[in-house]
Each structure stands twice: as structure tokens, then as C-alpha cells.
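Just so it is clear, none of the values below were taken in a lab; they were calculated from the coordinates. This structure is a prediction, so every number in the text was calculated from the model and none was measured. Using ideal geometry, Cβ is built from the backbone for each residue, glycine included, and neighbour counts are taken over all protein chains shown.
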Amino acid sequence: MQAFFDEFVEPTLIQPTFIHTYPIEVSPLTKKTADPRFVDRFELFIGGTEFGNAYSELNNPFDQEERFKAQLAARERGDDEAADIDFSFLDALIYGMPPAGGIGVGVDRLCMLFAEQSTIREVLIFPTMKDEVAVTKKDPEKK
């Protein structure tokens, strides 16, 4: 379902759009909502690009351990992105983690939007992979 969303829905989200009610399977570190099939998470999309990701951190060690086990089972079924059990993290949760959450907004992506650029390399101060064609067009002697 997530791959379908990434491939067919994301590119169509032109107007600023908040997507919420994510399934628990795609957010293993996020708190559940009242409906345990979903997590407390949203993402902001503009122009077919993700601009922000926000969620409430899971701080229940028992719930987290079950999700890690589900990730291991997914890995055994062939999911290369599934995580291992992080026992140090579980120990930290057992000692106590206060409620936490936040939002990550891509400032570089906002610069892309405001500068009307289609690639992130055009707005980075020190791009590591600047398009060679663009450089040589400006100064054909440089290579």
C-alpha cells in the first residue's frame, strides 16, 4: 500500500496537502492512535514533494518490543528495510522516556519551492554533486 502511495499518489499532491492516519506497519517508532491500526503521524506535501514529517514518539517499551519483533518477522519474509531489535533503545524506554514528538521540515526543499527549482542541488550552498552540464554551459573551459 505504501509503495502504491509513493508511486501513484505523491506526484499528484500539487496543492499543499497533509496526509495523516498512517498504518502502524510503516511507522514503527510512532505512538498508536485510538484505533490501534494507525499511528499519530502526518506529512506535508507540496508540488508532489514531501516537505515535512511529524509524529508522536512511541515511549512504551512493551509496544516498541512487539513492533521490533514484527520488523524481524518482516525481514525474514524478505523486507530489506525492516529493522533489527535495538535492545539499548528498549532499555532506555524502560528507564523512562517522557512524551515527545516533533516535525522535521526540509528547509532545502522550502528553498526549492520559493526559488522555483526542480532539483535540490540547485539550492544547496555546497552541492556535492552539482550537475556538470550546468557548470560547463556557464564556462566551457571548466571540466
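What to note about this one:
- Cα-based radius of gyration for region 2-105, normalised by 2.2 N^0.38 Å, reads 1.17.
- From least to most packed, judged by other beta carbons within 10 angstrom and beginning with the fewest, Ile125, Ile85, Ile24 follow the order Ile125, Ile85, Ile24.
- For region 13-61, the alpha-carbon radius of gyration amounts to 1.21 times the rule-of-thumb value 2.2 N^0.38 Å expected for a compact globular protein.
- Footprinting exposure proxy for Arg77, Arg41 (fewest neighbouring C-beta atoms within 10 Å first): Arg77, Arg41
- Structure-based [θ]222 nm, the chain - -39500 (n - 2.57) summed over DSSP H runs of at least 4, per residue, nearest 500: -8500 deg cm²/dmol
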